[in-house]
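The values are calculated or read from the model by the stated rules, or taken from the named source; none is laboratory data. Please read all numbers here as calculations on a predicted model, not as lab measurements. Reconstructed Cβ throughout: ideal geometry from the backbone, glycine too, with neighbour counts over all protein chains shown.
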Amino acid sequence: MIGDAVSMLNGWIEGFGLLSQGWRAGIVVFALVFGTATVAYIASHIIGTLERKFSNTQNLWDDAVLHAARKPLVAFVWLQGVYWAAEVAHHFSKAEVFKANDTVLQIGFIWIFVWTVLRAIKEGEKILVSPLKMEKPMDYTTVNAVSKLSRAVVIITAVLIAMQSLGYSISGVLAFGGVGGIAVGFAAKDLLANFFGGFIIHLDRPFKVGDWVRSPDRNIEGTVEHIGWRLTTLRTFDKRPLYVPNAAFTTIAVENPSRMTNRRISETIGIRYADVSQMATIVSDIRAMLESHEEIDSDETLIVNFLAFNSSSLDIMVYTFTRTTQWVRFHEVKQDVLLKISEIIEGHGAEVAFPTRTLHLADGLRAPDQTGERQGYSSQAGASRLPVSEQTTRAGDAE
(Lines give C-alpha, C1' and ligand atoms only; values in the text may rest on other atoms or scores of the structure.)
Protein backbone atom coordinates (compact mmCIF):
# COMPACT_ATOMS: atom_id res chain seq x y z
CA MET A 1 0.00 0.00 0.00
CA ILE A 2 2.82 2.37 0.89
CA GLY A 3 4.66 1.46 -2.33
CA ASP A 4 1.58 2.14 -4.49
CA ALA A 5 0.99 5.51 -2.82
CA VAL A 6 4.64 6.51 -3.26
CA SER A 7 4.66 5.41 -6.93
CA MET A 8 1.51 7.41 -7.63
CA LEU A 9 2.90 10.51 -5.91
CA ASN A 10 6.26 10.09 -7.64
CA GLY A 11 4.65 9.73 -11.06
CA TRP A 12 2.51 12.81 -10.45
CA ILE A 13 5.58 14.88 -9.52
CA GLU A 14 7.56 13.54 -12.52
CA GLY A 15 4.64 14.43 -14.84
CA PHE A 16 5.02 18.05 -13.90
CA GLY A 17 8.82 17.88 -14.07
CA LEU A 18 9.26 19.04 -10.52
CA LEU A 19 12.36 18.38 -8.41
CA SER A 20 14.91 15.65 -8.65
CA GLN A 21 14.48 12.17 -7.23
CA GLY A 22 16.62 12.92 -4.16
CA TRP A 23 14.61 15.99 -3.29
CA ARG A 24 11.35 14.14 -3.80
CA ALA A 25 12.47 11.36 -1.42
CA GLY A 26 13.63 13.87 1.18
CA ILE A 27 10.36 15.80 1.09
CA VAL A 28 8.24 12.67 1.47
CA VAL A 29 10.36 11.33 4.33
CA PHE A 30 10.27 14.71 6.08
CA ALA A 31 6.49 14.90 5.65
CA LEU A 32 6.07 11.42 7.15
CA VAL A 33 8.34 12.16 10.14
CA PHE A 34 6.64 15.52 10.74
CA GLY A 35 3.21 13.90 10.52
CA THR A 36 4.34 11.18 12.92
CA ALA A 37 5.52 13.76 15.47
CA THR A 38 2.21 15.62 15.16
CA VAL A 39 0.12 12.49 15.64
CA ALA A 40 2.27 11.39 18.61
CA TYR A 41 1.85 14.80 20.25
CA ILE A 42 -1.92 14.74 19.76
CA ALA A 43 -2.21 11.17 21.04
CA SER A 44 -0.18 12.00 24.14
CA HIS A 45 -2.37 14.99 24.97
CA ILE A 46 -5.58 13.04 24.37
CA ILE A 47 -4.51 10.30 26.78
CA GLY A 48 -3.35 12.93 29.28
CA THR A 49 -6.77 14.56 29.14
CA LEU A 50 -8.50 11.20 29.64
CA GLU A 51 -6.23 10.48 32.63
CA ARG A 52 -7.21 13.74 34.30
CA LYS A 53 -10.89 13.06 33.57
CA PHE A 54 -10.86 9.48 34.87
CA SER A 55 -8.86 10.44 37.96
CA ASN A 56 -12.10 11.81 39.42
CA THR A 57 -13.93 8.48 39.08
CA GLN A 58 -14.14 5.73 41.69
CA ASN A 59 -12.54 3.17 39.40
CA LEU A 60 -8.79 3.02 39.95
CA TRP A 61 -7.94 0.57 37.20
CA ASP A 62 -8.87 2.84 34.27
CA ASP A 63 -6.27 5.34 35.52
CA ALA A 64 -3.68 2.55 35.75
CA VAL A 65 -4.43 1.30 32.20
CA LEU A 66 -4.26 4.78 30.70
CA HIS A 67 -1.05 5.63 32.52
CA ALA A 68 0.50 2.31 31.47
CA ALA A 69 -0.52 2.77 27.81
CA ARG A 70 0.41 6.44 27.38
CA LYS A 71 4.13 6.18 26.56
CA PRO A 72 3.87 2.84 24.68
CA LEU A 73 1.12 4.35 22.47
CA VAL A 74 3.34 7.29 21.59
CA ALA A 75 6.17 4.84 20.88
CA PHE A 76 3.82 2.84 18.64
CA VAL A 77 2.99 5.95 16.62
CA TRP A 78 6.68 6.72 16.18
CA LEU A 79 7.45 3.11 15.26
CA GLN A 80 4.79 3.07 12.56
CA GLY A 81 5.74 6.48 11.20
CA VAL A 82 9.46 5.67 11.05
CA TYR A 83 8.61 2.37 9.34
CA TRP A 84 6.69 4.21 6.63
CA ALA A 85 9.53 6.69 6.21
CA ALA A 86 12.00 3.80 5.90
CA GLU A 87 9.78 2.14 3.31
CA VAL A 88 9.75 5.35 1.27
CA ALA A 89 13.55 5.58 1.52
CA HIS A 90 13.78 1.93 0.46
CA HIS A 91 11.57 2.61 -2.57
CA PHE A 92 13.86 5.33 -3.76
CA SER A 93 17.30 3.99 -2.77
CA LYS A 94 16.95 0.19 -2.84
CA ALA A 95 19.62 0.04 -0.12
CA GLU A 96 20.22 -3.30 1.59
CA VAL A 97 19.80 -1.84 5.06
CA PHE A 98 16.10 -1.14 4.43
CA LYS A 99 15.34 -4.80 3.75
CA ALA A 100 15.14 -5.36 7.52
CA ASN A 101 12.19 -2.96 7.85
CA ASP A 102 9.59 -5.71 8.31
CA THR A 103 11.69 -7.55 10.90
CA VAL A 104 12.38 -4.36 12.85
CA LEU A 105 8.66 -3.57 12.78
CA GLN A 106 7.79 -7.00 14.20
CA ILE A 107 10.41 -6.75 16.97
CA GLY A 108 9.22 -3.21 17.69
CA PHE A 109 5.62 -4.39 18.11
CA ILE A 110 6.74 -7.11 20.51
CA TRP A 111 8.82 -4.63 22.51
CA ILE A 112 5.95 -2.12 22.75
CA PHE A 113 3.51 -4.83 23.84
CA VAL A 114 5.92 -6.09 26.53
CA TRP A 115 6.59 -2.54 27.70
CA THR A 116 2.85 -1.92 28.04
CA VAL A 117 2.28 -5.12 30.03
CA LEU A 118 5.22 -4.40 32.35
CA ARG A 119 3.94 -0.88 33.03
CA ALA A 120 0.46 -2.27 33.70
CA ILE A 121 1.90 -4.77 36.20
CA LYS A 122 3.80 -1.99 37.95
CA GLU A 123 0.70 0.22 38.19
CA GLY A 124 -1.34 -2.69 39.51
CA GLU A 125 1.30 -3.34 42.17
CA LYS A 126 1.13 0.29 43.33
CA ILE A 127 -2.66 0.13 43.65
CA LEU A 128 -2.79 -3.18 45.52
CA VAL A 129 -0.34 -2.10 48.25
CA SER A 130 -1.49 1.52 48.63
CA PRO A 131 -3.48 2.21 51.85
CA LEU A 132 -4.82 5.37 50.20
CA LYS A 133 -6.34 3.51 47.25
CA MET A 134 -7.35 0.20 48.85
CA GLU A 135 -9.46 -0.30 51.97
CA LYS A 136 -7.47 -3.45 52.75
CA PRO A 137 -4.09 -3.18 51.01
CA MET A 138 -2.32 -6.43 50.28
CA ASP A 139 1.01 -7.40 51.78
CA TYR A 140 3.82 -5.63 49.91
CA THR A 141 6.15 -8.63 49.95
CA THR A 142 3.55 -10.94 48.43
CA VAL A 143 2.49 -8.45 45.75
CA ASN A 144 6.12 -7.69 44.93
CA ALA A 145 6.90 -11.40 44.54
CA VAL A 146 3.93 -11.98 42.23
CA SER A 147 4.88 -8.86 40.27
CA LYS A 148 8.46 -10.03 39.79
CA LEU A 149 7.31 -13.48 38.72
CA SER A 150 4.81 -12.00 36.25
CA ARG A 151 7.44 -9.71 34.74
CA ALA A 152 9.85 -12.64 34.37
CA VAL A 153 7.18 -14.71 32.57
CA VAL A 154 6.33 -11.83 30.21
CA ILE A 155 9.98 -11.13 29.38
CA ILE A 156 10.86 -14.80 28.76
CA THR A 157 7.79 -15.27 26.56
CA ALA A 158 8.62 -12.12 24.60
CA VAL A 159 12.22 -13.24 24.05
CA LEU A 160 11.04 -16.62 22.70
CA ILE A 161 8.53 -14.93 20.35
CA ALA A 162 11.19 -12.50 19.15
CA MET A 163 13.60 -15.34 18.44
CA GLN A 164 10.88 -17.13 16.48
CA SER A 165 10.31 -13.92 14.50
CA LEU A 166 14.02 -13.73 13.72
CA GLY A 167 13.93 -17.24 12.28
CA TYR A 168 15.30 -19.25 15.19
CA SER A 169 13.62 -22.50 16.13
CA ILE A 170 12.14 -22.36 19.62
CA SER A 171 12.27 -26.14 19.97
CA GLY A 172 16.00 -26.07 19.27
CA VAL A 173 16.49 -23.28 21.80
CA LEU A 174 14.55 -25.22 24.45
CA ALA A 175 16.53 -28.38 23.74
CA PHE A 176 19.79 -26.46 24.01
CA GLY A 177 18.55 -24.92 27.25
CA GLY A 178 17.84 -28.37 28.68
CA VAL A 179 21.36 -29.62 27.96
CA GLY A 180 23.14 -26.36 28.73
CA GLY A 181 21.10 -25.87 31.88
CA ILE A 182 23.07 -28.63 33.59
CA ALA A 183 26.39 -26.94 32.90
CA VAL A 184 25.00 -23.55 33.84
CA GLY A 185 23.60 -25.02 37.04
CA PHE A 186 27.01 -26.23 38.17
CA ALA A 187 28.71 -22.98 37.17
CA ALA A 188 26.12 -20.75 38.84
CA LYS A 189 25.03 -22.91 41.76
CA ASP A 190 25.47 -20.05 44.26
CA LEU A 191 23.40 -17.74 42.09
CA LEU A 192 20.68 -20.37 41.77
CA ALA A 193 20.81 -21.04 45.52
CA ASN A 194 20.21 -17.34 46.18
CA PHE A 195 17.41 -17.29 43.59
CA PHE A 196 15.58 -20.22 45.18
CA GLY A 197 16.32 -18.77 48.62
CA GLY A 198 14.51 -15.60 47.56
CA PHE A 199 11.67 -17.73 46.21
CA ILE A 200 11.37 -19.52 49.57
CA ILE A 201 11.30 -16.17 51.39
CA HIS A 202 8.46 -14.97 49.16
CA LEU A 203 6.66 -18.31 49.62
CA ASP A 204 7.03 -18.80 53.40
CA ARG A 205 7.15 -15.08 54.28
CA PRO A 206 9.18 -15.33 57.52
CA PHE A 207 9.56 -11.55 57.22
CA LYS A 208 8.50 -8.71 54.97
CA VAL A 209 9.75 -5.25 54.07
CA GLY A 210 9.77 -3.07 57.18
CA ASP A 211 10.19 -5.94 59.67
CA TRP A 212 12.94 -6.03 62.29
CA VAL A 213 14.78 -9.35 61.98
CA ARG A 214 17.82 -10.92 63.61
CA SER A 215 19.55 -14.29 63.68
CA PRO A 216 21.00 -16.02 66.74
CA ASP A 217 23.28 -18.00 64.39
CA ARG A 218 24.84 -15.06 62.54
CA ASN A 219 25.61 -11.43 63.30
CA ILE A 220 22.54 -10.33 61.36
CA GLU A 221 20.12 -7.76 62.75
CA GLY A 222 18.27 -4.84 61.21
CA THR A 223 15.18 -3.63 59.39
CA VAL A 224 14.31 -5.21 56.04
CA GLU A 225 14.45 -2.64 53.24
CA HIS A 226 14.28 -4.79 50.11
CA ILE A 227 13.88 -8.47 49.25
CA GLY A 228 15.47 -9.20 45.89
CA TRP A 229 15.94 -12.43 43.99
CA ARG A 230 19.62 -12.63 44.99
CA LEU A 231 20.08 -10.35 48.02
CA THR A 232 18.01 -9.10 50.92
CA THR A 233 18.93 -5.60 52.06
CA LEU A 234 18.78 -4.80 55.78
CA ARG A 235 19.37 -1.47 57.50
CA THR A 236 21.21 -2.03 60.77
CA PHE A 237 20.46 0.07 63.83
CA ASP A 238 23.62 2.12 63.27
CA LYS A 239 22.14 3.00 59.84
CA ARG A 240 24.53 0.90 57.77
CA PRO A 241 23.16 -1.21 54.87
CA LEU A 242 23.64 -4.96 55.27
CA TYR A 243 23.35 -7.18 52.17
CA VAL A 244 22.55 -10.81 52.96
CA PRO A 245 22.48 -13.51 50.24
CA ASN A 246 19.07 -15.16 50.20
CA ALA A 247 20.62 -18.62 50.44
CA ALA A 248 21.73 -17.77 53.99
CA PHE A 249 18.12 -17.64 55.18
CA THR A 250 17.59 -21.29 54.24
CA THR A 251 20.26 -22.50 56.67
CA ILE A 252 19.97 -20.19 59.70
CA ALA A 253 17.33 -19.50 62.32
CA VAL A 254 15.67 -16.10 61.93
CA GLU A 255 13.83 -14.20 64.65
CA ASN A 256 11.19 -11.65 63.73
CA PRO A 257 10.69 -9.41 66.79
CA SER A 258 8.33 -7.21 64.74
CA ARG A 259 5.66 -9.90 65.12
CA MET A 260 5.88 -10.17 68.90
CA THR A 261 2.60 -9.70 70.74
CA ASN A 262 4.08 -8.28 73.96
CA ARG A 263 7.38 -7.21 75.46
CA ARG A 264 8.68 -8.81 78.65
CA ILE A 265 9.84 -7.25 81.89
CA SER A 266 12.01 -9.70 83.81
CA GLU A 267 13.84 -8.28 86.83
CA THR A 268 15.29 -9.56 90.11
CA ILE A 269 15.06 -7.00 92.94
CA GLY A 270 16.74 -7.55 96.28
CA ILE A 271 15.88 -6.09 99.70
CA ARG A 272 17.93 -6.20 102.93
CA TYR A 273 17.91 -9.17 105.28
CA ALA A 274 16.74 -6.77 107.98
CA ASP A 275 13.48 -6.32 106.03
CA VAL A 276 12.53 -9.98 105.90
CA SER A 277 9.45 -9.34 108.03
CA GLN A 278 8.09 -7.04 105.31
CA MET A 279 8.72 -9.47 102.45
CA ALA A 280 5.19 -10.91 102.14
CA THR A 281 3.54 -7.46 102.19
CA ILE A 282 5.98 -6.02 99.65
CA VAL A 283 5.45 -8.94 97.27
CA SER A 284 1.68 -8.64 97.59
CA ASP A 285 1.70 -4.88 96.92
CA ILE A 286 3.96 -5.22 93.88
CA ARG A 287 1.66 -7.87 92.41
CA ALA A 288 -1.40 -5.69 93.03
CA MET A 289 0.33 -2.72 91.41
CA LEU A 290 1.15 -4.72 88.27
CA GLU A 291 -2.35 -6.18 88.02
CA SER A 292 -3.87 -2.70 88.08
CA HIS A 293 -1.26 -1.06 85.82
CA GLU A 294 -2.89 0.03 82.56
CA GLU A 295 0.22 -0.76 80.47
CA ILE A 296 0.69 -4.28 81.85
CA ASP A 297 -1.15 -7.12 80.08
CA SER A 298 -2.77 -9.07 82.92
CA ASP A 299 -3.86 -11.80 80.49
CA GLU A 300 -0.24 -12.86 80.09
CA THR A 301 1.97 -14.55 82.67
CA LEU A 302 2.50 -12.40 85.77
CA ILE A 303 4.84 -13.62 88.51
CA VAL A 304 5.90 -11.75 91.66
CA ASN A 305 7.47 -14.05 94.28
CA PHE A 306 10.18 -14.25 96.92
CA LEU A 307 12.87 -15.97 94.87
CA ALA A 308 15.96 -16.77 96.95
CA PHE A 309 18.25 -15.96 99.87
CA ASN A 310 21.15 -14.32 98.06
CA SER A 311 24.57 -13.50 99.51
CA SER A 312 23.60 -9.96 100.53
CA SER A 313 19.92 -9.64 99.68
CA LEU A 314 16.52 -11.27 99.71
CA ASP A 315 15.61 -11.54 96.01
CA ILE A 316 12.16 -10.89 94.55
CA MET A 317 11.38 -12.08 91.00
CA VAL A 318 9.24 -9.74 88.88
CA TYR A 319 8.09 -11.28 85.60
CA THR A 320 5.37 -9.66 83.47
CA PHE A 321 4.52 -8.43 79.96
CA THR A 322 3.66 -4.99 78.63
CA ARG A 323 0.85 -4.28 76.22
CA THR A 324 3.03 -2.23 73.89
CA THR A 325 5.65 -3.71 71.57
CA GLN A 326 7.23 -0.38 70.64
CA TRP A 327 10.83 -0.22 71.84
CA VAL A 328 10.78 3.37 73.13
CA ARG A 329 7.36 3.08 74.77
CA PHE A 330 8.37 -0.21 76.39
CA HIS A 331 11.27 1.43 78.22
CA GLU A 332 9.01 4.21 79.43
CA VAL A 333 6.61 1.63 80.88
CA LYS A 334 9.48 -0.34 82.41
CA GLN A 335 10.85 2.79 84.07
CA ASP A 336 7.44 3.56 85.55
CA VAL A 337 7.09 0.01 86.90
CA LEU A 338 10.55 0.02 88.52
CA LEU A 339 9.96 3.41 90.15
CA LYS A 340 6.64 2.24 91.57
CA ILE A 341 8.32 -0.89 92.96
CA SER A 342 10.92 1.33 94.62
CA GLU A 343 8.15 3.46 96.15
CA ILE A 344 6.42 0.33 97.49
CA ILE A 345 9.66 -0.88 99.12
CA GLU A 346 10.35 2.52 100.69
CA GLY A 347 6.73 2.81 101.80
CA HIS A 348 7.19 -0.23 104.02
CA GLY A 349 10.33 1.18 105.61
CA ALA A 350 12.52 -1.26 103.70
CA GLU A 351 15.47 -0.59 101.42
CA VAL A 352 16.82 -2.03 98.21
CA ALA A 353 19.90 -4.09 99.14
CA PHE A 354 23.40 -3.45 97.87
CA PRO A 355 26.49 -5.70 98.24
CA THR A 356 27.79 -5.73 101.86
CA ARG A 357 30.12 -7.86 104.01
CA THR A 358 30.07 -8.63 107.73
CA LEU A 359 33.38 -8.74 109.64
CA HIS A 360 33.43 -10.66 112.94
CA LEU A 361 35.98 -9.46 115.54
CA ALA A 362 37.09 -11.58 118.45
CA ASP A 363 36.23 -10.44 122.00
CA GLY A 364 38.60 -7.91 123.64
CA LEU A 365 40.20 -6.69 120.41
CA ARG A 366 40.88 -2.96 120.33
CA ALA A 367 41.40 -0.69 117.38
CA PRO A 368 43.52 2.47 117.52
CA ASP A 369 41.67 5.75 117.18
CA GLN A 370 43.07 8.82 115.46
CA THR A 371 45.02 9.89 118.63
CA GLY A 372 46.89 6.59 118.84
CA GLU A 373 44.96 5.36 121.90
CA ARG A 374 43.40 1.90 121.87
CA GLN A 375 39.78 1.68 122.54
CA GLY A 376 37.54 -1.31 123.23
CA TYR A 377 35.72 -2.27 120.12
CA SER A 378 33.60 -5.14 121.38
CA SER A 379 33.30 -6.17 125.04
CA GLN A 380 30.86 -8.97 124.51
CA ALA A 381 30.70 -11.92 122.18
CA GLY A 382 29.09 -10.92 118.98
CA ALA A 383 29.74 -9.32 115.62
CA SER A 384 29.91 -5.82 114.22
CA ARG A 385 28.56 -5.06 110.73
CA LEU A 386 31.08 -2.86 108.89
CA PRO A 387 30.95 -1.28 105.46
CA VAL A 388 33.15 -2.84 102.78
CA SER A 389 35.36 0.27 102.70
CA GLU A 390 36.49 -0.37 106.31
CA GLN A 391 37.10 -4.05 105.93
CA THR A 392 40.80 -3.95 105.01
CA THR A 393 41.76 -1.53 107.82
CA ARG A 394 39.99 -3.41 110.59
CA ALA A 395 41.22 -6.75 109.35
CA GLY A 396 44.78 -5.44 109.45
CA ASP A 397 44.28 -4.21 113.01
CA ALA A 398 42.96 -7.58 114.00
CA GLU A 399 46.20 -9.21 112.92
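A compact table of results
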quantity	calculated
Tabulated pairs, segment 246-270, first more than 21 Å from GLY210 (Cβ to Cβ) and modelled with pLDDT of 90 or more, second among the basic types (Lys, Arg) and surrounded by fewer than 18 Cβ atoms within 10 Å (Cβ to Cβ), C-beta under 8 angstrom, 6+ apart or interchain	ILE265/LYS334
Segment 282-317, residues that are β-branched (Val, Ile, Thr) and without any contact (Cβ under 8 Å) to a residue 24 or more places away in the chain	THR301, ILE303, VAL304
Selection from segment 306-361 of residues that are small (Gly, Ala, Ser), touching a strand residue (DSSP E or B) at 6+ places or on another chain (Cβ under 9 Å) and over 16 Å from MET289 (Cβ atoms)	ALA308, SER312, SER313, ALA353
Which listed residue, of ASP336, ASP285, is assigned to a helix (DSSP H, G or I) and over 30 Å from PRO257 (Cβ atoms)	ASP285
Single residue of ALA145, ALA120 found to be in contact with a Leu (Cβ under 9 Å, 6 or more places away or on another chain), of a type in the set (A, V, I, L, M), part of a helix (DSSP H, G or I) and not assigned by TED's automatic domain parsing to the domain that holds GLU225	ALA145
